[in-house]
Amino acid sequence: MRFVFKTRYDQDIALARHCGDRFWYSLLMLALVAAPWLLPEYWLAQLSFVFIYAIVAVGLMLLAGFTGQFSIGHAAFMGIGAYAEAYLAARGWPLAASLACAMALAAAAGVVVGLPALRVKGMYLAIATLSFGFIVEEALARWESVTGGNAGKSVPAPQVFGYALDSTESFYFLCLVCVVGSTLVVLNLLRAPTGRAFVAIRDSEVSAQSMGIQLARYKSLSFAISAALAGLGGALYGHKMQFISPEQFSLVQSIDLVLMVVIGGLGSIHGAFFGAIFLIGMPQLISLGKDYLPAAIGQATGLQSVVYGAVLIAFVMLEPMGLYGRWLKVRTWLELYPFYRRGMFKRQKSFQKSERLK
Amino acid sequence: MSAPLLSVRDLSVRFGGVLAVNKVSFDVHAGEVFTLIGPNGAGKTTVFNLISRIYTPTGGTLSFDGQRLDAVPPHGVAALGIARTFQNIELFEHATVLQNLLIGRHIRRSTGVWAEMLFTPAVREAERRTRRKVEEVIDLLELQHYRDALVAGLPYGVRKVVELARALCTEPKLLLLDEPSSGLNVEETGDMAFWIEDIRRDLGVTILMVEHDMGLVSKVSDRVLAMNQGAVLAVGTPSEVQADPGVVEAYLGTVDDVSSLRRKA
């Protein structure tokens, strides 16, 4: 077992807790950079999808897991990003400019959606974001001059300095750069005053306010950043699919995104990645498992939704901290072996919560 | 005497048909410990919520340090130099003690969002400065042991101290303590009395508190204001207020009250 002796404040500021962390994350990075030479093309494409969803998940995690604002319309931001990117890329914009523009557009939409968050909370905010999702889906279907309507729109390969990133490998690297970049940005925010203000709003709005945190400003900011990352994810998603249509950004997609952060574990960046792996990996597992099931079940339509639903219910009931919570327990068990106690992660009943002031 | 730090004039607030605070006036001078007492429902916490701008008064004025407080938004109160604790503890439950205290330094932040996204050297340096300030408070209130503990798992007494620490991290001029000793045992209450003295003497912070424990009140307060049913009953030194017939009546009732309850034969 490792005990970290803290001798400098920088140790608490650093992203890695100790050299073990640094070693494992470097190894992971190395493996990811080497992946195109080691993995078959199909798996590389799946890994790109994991990265794309991880970008969206990190954004949604910042909003739902760290600021406490739930959005059930996040696919709409992906849609805005994807269509903006498709529109601009078709006009020959360089990738960096079109991505920035797609993110900015999504962020602007995020601020607009954030406005009701200043007034409504919890369930009502969820309803507001849900209806925003419907509005965007409908707008994408109707605004045919720009979006191509329900017939969909094809997306050209991204252009970087005149080179087209049209191979699986080159696109994989683009996704890798984007996911590492956005994760670092979010991690940096979380260890700075802005991120702490988000956490403060999540845990107690009244006391955040009395610490001088402007609720309106930070809620809008959280929505904007989260939407920008969803927009980035959406833009990459469009390039990867090479074809986008409004139903790809419907309620079902939004629910998948929420599922991803809840199953991954709310309130942790690791959770966002675990959630993305789950979301991409599960259909693979289901299709593998299909052959071993009786035909009546294995070939039934909607098997995937049933499995997702069951997994979500199981997690909410048995492991509210998600995959990341499970991983923490496993790691603690290994570190402390044989001294792990069953009750270690039991949450103590919190003491009387004050009568809410509002 | 110099101008008061906090001046409350004819403060009133009405919630529907309930007049929760009725024309309350008092002054708090720099450097003193001023205590509000009164039976449950007297409106003490409401006065606190009015001063920290969580509620908007329906009448009267509030001024702090020569500035009108009524025009300041709720999040602007901390920047003026007023920090508070809550009766039933409003900490950031799923964060560590250290993070809670760092949030207390929010109004002193010097870095912008873009710089924070990149975590520039300036941000790192600002973080170090923030941490050094927080460590001073941790040393004062002896919280070293709990630095990395999650608030959700801490005992009640420690949470009270963490909340006090978080308020101190804002470097306030006026500290509002809402029942600092509620839920504490005798020993912890003793510690709290020491800290209140220390905060006033060493840090020069003025303290306005709501408190029920008369032992603590008489030990630390310079002046006491007694309230009942939203109105002021008496103001003075702790012993004067305790001897005031109106205050005694508010707490214990009068002889007539009791006789009216007696069952008629």
Listed by first then second residue, the pairs whose first member lies in the stretch A:254-282 and is within 14 Å of chain B (Cβ to nearest Cβ) and in contact (Cβ under 8 Å) with a residue 40 or more places away in the chain, whose partner is surrounded by fewer than 23 Cβ atoms within 10 Å (Cβ to Cβ) and assigned to a loop (DSSP other than H, G, I, E, B), with beta carbons under 6 Å and at least 6 positions apart or on separate chains, are A:Gly265/A:Met321
Residue hits (the stretch A:149-193; part of a loop (DSSP other than H, G, I, E, B) and of a type in the set (D, E, K, R)) are A:Asp166, A:Arg191
Item to complete: Might you check whether a residue that is away from chain B (no Cβ under 14 Å) and either aliphatic (A, V, I, L, M) or free of Cβ contacts under 8 Å to residues at least 12 places away in the same chain (or both) occurs anywhere in the stretch A:219-229?
Response: yes
Looking at the structure I just gave you, is B:Gly43 more than 9 Å from chain A (Cβ to nearest Cβ), under 29 Å from B:Leu154 (Cα atoms) and under 15 Å from the mean Cα position of the chain (by Cα)? no
Any hit, the stretch B:78-97, residues being modelled with pLDDT of 90 or more, under 23 Å from the mean Cα position of the chain (by Cα), more than 7 Å from chain A (Cβ to nearest Cβ) and over 30 Å from B:Leu62 (Cα atoms) | yes
| query | Are any of the residues in the stretch B:123-136 of a type in the set (A, V, I, L, M, F, W, C) and either more than 10 Å from every other protein chain (Cβ to nearest Cβ) or touching a strand residue (DSSP E or B) at 6+ places or on another chain (Cβ under 6 Å) (or both)? | reply | no
ask   = Can you find a residue in the stretch B:57-68 that is within 28 Å of B:Asp198 (Cβ to Cβ), of a type in the set (D, E, K, R) and assigned by TED's automatic domain parsing to the domain that holds B:Gly236?
value = yes
With the structure loaded, tell me whether A:Ser220 is buried (at least 24 other Cβ atoms within 10 Å of the Cβ) and of a type in the set (Ser, Thr, Tyr) or whether it fails that test.
no
The number of residues in the stretch B:110-130 that are surrounded by 20 or more Cβ atoms within 10 Å (Cβ to Cβ) and among the charged types (D, E, K, R) is 2
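The values are calculated or read from the model by the stated rules, or taken from the named source; none is laboratory data. Since the model is a prediction, treat every value here as computed from it, not as a measurement. Note that we place each Cβ from the backbone using ideal geometry, even for glycine, and neighbour counts take in every protein chain shown.
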